[in-house]
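Shown next, in structure tokens, is the structure this report addresses.
The values are calculated or read from the model by the stated rules, or taken from the named source; none is laboratory data. Not measured: the values here are computed from a predicted model. Here the Cβ positions follow ideal geometry from the backbone for every residue, glycine too, while neighbour counts run over all protein chains shown.
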Amino acid sequence: MYIKGEQWWPTKAFEKQLDSHRTHFEEAAEDNPLIEDILNSFGSDYSEEKKQHKEAKFMTAKEIMSACGNTKPSQADSRKVNIWLARVNRDQHGRPDVKEVSRQKKWLMPPLLYNSGYNRPY
């Protein structure tokens, strides 16, 4: 297809459709109590400046949820958190700020705003 010179990348109209769909999906994700806990504990600022802080560290989704007070996160919870972090936690080049260690995704997280220390029923 691309050898013939046809357009293989998304058109502007298609990108607008994706953006509207993505916005709808993001609004639904914000209603998730897991995401709400992460936002309350880590904040919503995933800038490079915030992640350069000496207390910033790489954490798995399970470690992130534990830091937010969820002591027994399920695999489904981890999957939801990983999907959400892939959208919001980006490096300076716009790629997900993640590394794989022993087949686990570890996200570079800013320091905790505070330690929530409570268990939320999920």
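Quick notes on this one:
- Listed by position, the helices (runs of 4 or more DSSP H) inside segment 1-79 whose residues that are at pLDDT below 90 number at least 3 are 12-30, 33-42, 48-51.
- Candidates in segment 80-98 are the residues that are in contact (Cβ under 8 Å) with a residue 40 or more places away in the chain and assigned to a loop (DSSP other than H, G, I, E, B); of these, the one that is nearest to residue 35 (Cα to Cα) is 89.
- Single residue of segment 89-103 satisfying the filter (of a type outside the set (D, E, K, R) and surrounded by fewer than 16 Cβ atoms within 10 Å (Cβ to Cβ)) that is nearest to residue 51 (Cα to Cα): 92
- Number of positions in segment 31-54 that are surrounded by fewer than 18 Cβ atoms within 10 Å (Cβ to Cβ) and in contact with a Leu (Cβ under 8 Å, 6 or more places away or on another chain): 2
- Candidate set: segment 60-88, residues that are aliphatic (A, V, I, L, M) and over 24 Å from residue 49 (Cβ atoms); chosen: the one nearest to the chain's Cα centre (by Cα): 83
- Residues of segment 60-81 satisfying the condition of being of a type in the set (D, E, K, R) and under 18 Å from residue 108 (Cα atoms): 62, 63, 79, 80
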